[in-house]
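Report on one structure; see the data block that follows.
Bear in mind these aren't lab numbers, they're just calculated from the coordinates by the rules spelled out. Since the model is a prediction, treat every value here as computed from it, not as a measurement. So basically every Cβ, Gly included, is an ideal-geometry build from the backbone, and we count neighbours across all protein chains shown.
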Amino acid sequence: MFDVRKSSPAVAALRPSEYTAALIQALRAEPSRVSGVRALEIGCGSGVVLAVLGALGAASLCGIDIEDEAIVTGQALLQDLGHKAEIHQGDMWQPVAGRRFDLVVANLPHFPMDHFEVAGRLSTWSSGGIDGRELLDPFLEGLSDHLAINGRALITHNAFVDVGRSRQILHRYGLSLHIAKTLLVHIANEKINLMTPSILRAEEGCSIHRYGPHVFADMHIVEIAAAGTRS
Ligand SMILES: C[S@@+](CC[C@H](N)C(=O)[O-])C[C@H]1O[C@@H](n2cnc3c(N)ncnc32)[C@H](O)[C@@H]1O
């Protein structure tokens, strides 16, 4: 059994977020689409999304993260919960070059801000660079090389990080993007204060909603698959 009393600062830094919860909810809503699949998670962090995929009956589990804390923490969690998984340290698609998966999931760092540590997290947790797309673009550009026939991806996508641009990129690779769900997430003041000012100005009143000191934003769960294959 996983003993929370043994939780280290690394485990605390990798604690799941509202985004993680939303991704898990979307996976749990359609267990038959997870059962039996070869699953890959890019940016597996705590390993909890892989654990959910395992609990839902994925045939194999593969995770990638850039941070060695994530590798150690994820491996420990999956082992404790009795799931077999390969977890690789590396950058984005590099550890799975030449391999394809039925289901690719990701909750990438894609908050538009420079590389800062926020709320006890590592700087690689949230920051997507000035436009938020530093990780998102290479993910979308590499996806078609890693999807099996009839494969799909399920990812979190902040509404203020230009969903239209993601659609355009995917279109070039014969993939299409469908917004499966939109949720409201709370954005801590500490984080909103670091947001790229031009994006904050453009999105306030659109996808960013401020009520006094409290700020919320729209976040999508998007599904990506070969164009024309969505049932
Ligand atoms: C927002 S967290 C999501 C973690 C986990 N999937 C979850 O939902 O709790 C983003 C994760 O991406 C990882 N990451 C950042 N840059 C990466 C890169 N270039 N390649 C692979 N993983 C990366 C971070 O270390 C972090 O664990």
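For the chain, the pair-distance distribution built from all alpha carbon pairs, in bins 10 Å wide starting at 0, is 8, 33, 38, 18, 3 percent. Computed from label points 7 Å out along Cα-Cβ, the spacing between SER60 and GLN168 is 3.7 nm. Could you please state, rounded to a whole Å, how far the C-alpha centre of region 163-231 is from the C-alpha centre of region 112-133? One Cα centre to the other: 16 Å. Of all DSSP bridge pairs formed entirely within the chain, close to 55 percent run antiparallel. Across region 133-148, no residue has a backbone nitrogen under 12 Å from the label position 7 Å along the beta-carbon direction of CYS206.
Residue separation of ASP80 and PHE216 scaled by 0.36 nm, minus their Cα-Cα distance, works out to 45.4 nm of gained length. What FRET efficiency do you get for THR182 and ILE149 if R0 is 30 Å and r is their Cβ-Cβ distance, rounded to the nearest 0.05? Working from the Cβ atoms, E equals 0.55.
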